[in-house]
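S.K.: I have a structure here, written as structure tokens, and I will follow up with some questions on it.
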Amino acid sequence: MSIPDYQSIMLPLLKFAGDKNEHSIRETIEYIADFFGLNEKERREVLPSGRQYIIDNRVGWAKTYLKKAGLLESTKRSYFKITDLGLEVLQKNPQEINVKYLEQFPQFIEFRNLRRETAGEEEENLTQTPQELLEYGFQRINKDLASELLNRVKKTSPRFFEKLVVELLIKMGYGGSLKDAGKAIGQSGDGGIDGIIKEDKLGLDIIYIQAKRWEDAVGSADVRNFVGSLAGQKANKGVFITTSHFSKDALDYVKTIPHKVILIDGETLAQLMIENDVGVSRITSYDVKKIDSGYFEEE
């Protein structure tokens, strides 16, 4: 069973509230998950931000739409119950409740018109909640940006690539200062760099770095040579960065060794650059806010 869209949740949710009792959003989510027979994996599937389960988000938005139509009402923080209008709707035994169905209620019209203006398309044809549209849209933008960014990185000179890696590591909190990191790495050759960098600003431990501007996959032999370099440097930690990708043998190999070796492929490199503002600039940002229910609670 796949996770139901928020409109499919509306009728089961209203029927659940039809007992006239006060219900919490948490027990409602559990009921809906059981109603649709979701397995544990589906219940724990998260939005791209990783901050909320998809089923939680969709139940929350289904409840919001029913409230906007006047079929549900809030009683206290995270609790709600059915209204007289909601009971009237259930008595009519509708086969389905969706956005189009809710348009018959005057109190829903203003909310509906606002959604049409901001969504830019007919809502009844959407299966994703407004928050999902925002997060998945952001994910698509980031994916396209990462692809373009990696192509740019592959075209840079070895010297520029060296500078890029140093700056990224500094932005991530490694290497102490940019000057220290540059001195520590600074040995270019064969389209990549090799060297050591401080794990922290005090230099309590060091990390050995190897980076390759390659198109072909990095195999287990290349990673074994890197691990051998670690032993020669008496280091236990290393980071291998490539603009391409690692073979399955290489990925399996690092799981079997006592050294702590992190493999960063081109896709991960691009994402780290985006997250740490290396090679990208911010166009704009949006703060997504919600009601602070606790603020409105009176003593």
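S.K.: Looking only at segment 10-24, filter to residues that are touching a strand residue (DSSP E or B) at 6+ places or on another chain (Cβ under 9 Å) and part of a helix (DSSP H, G or I); which one of those is surrounded by the most Cβ atoms within 10 Å (Cβ to Cβ)?
M.R.: Per the criteria, the residue is Leu13.
S.K.: Hey, which of the helices (runs of 4 or more DSSP H) in segment 32-103, taking only ones fully inside, have at least 3 residues that are β-branched (Val, Ile, Thr)?
M.R.: 54-68
For every residue, the table says whether it meets (1) in a loop (DSSP other than H, G, I, E, B); (2) modelled with pLDDT of 90 or more; (3) charged (D, E, K, R); (4) more than 28 Å from the chain's Cα centre (by Cα).
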{"site": "Gly182", "(1), (2), (3), (4)": "no, no, no, yes"}
{"site": "Ile197", "(1), (2), (3), (4)": "no, no, no, yes"}
{"site": "Leu202", "(1), (2), (3), (4)": "yes, no, no, yes"}
{"site": "Ala211", "(1), (2), (3), (4)": "no, no, no, no"}
{"site": "Val227", "(1), (2), (3), (4)": "no, no, no, yes"}
{"site": "Ala231", "(1), (2), (3), (4)": "no, no, no, yes"}
{"site": "Lys234", "(1), (2), (3), (4)": "yes, no, yes, yes"}
{"site": "Ala250", "(1), (2), (3), (4)": "no, yes, no, no"}
{"site": "Lys255", "(1), (2), (3), (4)": "yes, yes, yes, no"}
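S.K.: Out of curiosity, is Arg282 touching a Phe, Trp or Tyr at 6+ places or on another chain (Cβ under 7 Å) and among the basic types (Lys, Arg)?
M.R.: Here the answer is no, as Arg282 does not meet what is asked.
S.K.: Hey, another quick one. Can you name every residue in segment 14-31 that is of a type in the set (A, V, I, L, M) and more than 27 Å from the chain's Cα centre (by Cα)?
M.R.: Leu14, Ala17
S.K.: Right, here's the next one. Please verify whether segment 21-37 includes one or more residues that are at pLDDT below 95 and of a type in the set (Asp, Glu).
M.R.: No, segment 21-37 has no match at all.
S.K.: Name the residue that is surrounded by the most Cβ atoms within 10 Å (Cβ to Cβ), counting only residues in segment 96-128 that are at pLDDT 80 or above, polar (S, T, N, Q) and touching a helix residue (DSSP H, G or I) at 6+ places or on another chain (Cβ under 8 Å).
M.R.: Asn98
S.K.: Just checking, which of Ser177, Ser188 is at pLDDT below 65 and within 32 Å of the chain's Cα centre (by Cα)?
M.R.: Ser177
S.K.: Restricted to segment 51-63, and to residues that are more than 17 Å from Glu96 (Cα to Cα) and β-branched (Val, Ile, Thr), which residue is surrounded by the most Cβ atoms within 10 Å (Cβ to Cβ)?
M.R.: Ile55
The values are calculated or read from the model by the stated rules, or taken from the named source; none is laboratory data. This one's a predicted model, so the numbers in the text were calculated from it and none came from an experiment. Here Cβ is always computed from backbone atoms with ideal geometry, including for glycine, and neighbour counts include all displayed protein chains.
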